[in-house]
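See below for the structure under consideration.
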Amino acid sequence: MAIVQKERTGASSRSVEAVCTAGVRCEISTPEGHTIITDEPAQRGGENTGPSPLACLTASLASCQVVQIVKVAEAMRFEHGTIAITASTVTDRVASDKGNDKVMRFGAADLAISMETDESPERVERLKTLSEDRCPVGNLFADAGYAPTIAWTIVPMSD
């Protein structure tokens, strides 16, 4: 069965606006009219009114991978049920390239993916390969030298 691909449209641009009126809490506005709140916990100077920017990037990794799995599955006419992803990232303070004090850097990313399906092992492997390759956030980590490690668990479809 052939995989149907969308026509390529070239480069895309995305813009958001972040406004901080006090502390480290940001209200981020998207062109679609959404507002994303980021903040830090009290011990990092915030009021804990939203996830930290680093938590948002970890969440972006998980949700981006879900989107890619769903899109690839649709193109493959691949039947599945629930997809659940646990994303973990590791940060550490490392020496700055510019000679400053140590700065926060990502050092690892892991995804644990659970998916319900009764598809054949060969089709599951094809879905894995295509969806892992197409995740822009996962590729961002890979381009930085920290390709996410991915562990899949395939479970039978529930009735």
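What the table below lists for this structure:
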item	result
Condition broken by Ile28, with the remaining ones in (1) part of a strand (DSSP E or B); (2) surrounded by fewer than 16 Cβ atoms within 10 Å (Cβ to Cβ) satisfied	(2)
Any hit, the stretch 116-130, residues being touching a helix residue (DSSP H, G or I) at 6+ places or on another chain (Cβ under 8 Å) and either under 30 Å from Thr35 (Cβ atoms) or assigned by TED's automatic domain parsing to the domain that holds Val24 (or both)	no
Filtered residue count, the stretch 134-159, keeping only those that are closer than 20 Å to Thr58 by Cβ and among the charged types (D, E, K, R)	2
For Ser120: the one exception among (1) farther than 22 Å from Leu57 by Cβ; (2) surrounded by 13 or more Cβ atoms within 10 Å (Cβ to Cβ)	(2)
Test set (1) under 28 Å from Ala112 (Cβ atoms); (2) not charged (D, E, K, R); (3) not in a loop (DSSP other than H, G, I, E, B) - Asn48 fails condition number	(3)
Odd one out for Arg93, checked against (1) outside any loop (DSSP other than H, G, I, E, B); (2) surrounded by fewer than 12 Cβ atoms within 10 Å (Cβ to Cβ); (3) not assigned by TED's automatic domain parsing to the domain that holds Arg134	(3)
Selection within the stretch 55-96 - over 18 Å from Phe141 (Cβ atoms) and of a type in the set (D, E, K, R)	Lys71, Glu74, Arg77, Glu79, Arg93
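The values are calculated or read from the model by the stated rules, or taken from the named source; none is laboratory data. Bear in mind the structure is a predicted one, so any value in this text is a computation, not a measurement. Cβ atoms come from the backbone with ideal geometry, glycine included; neighbour counts cover every protein chain shown.
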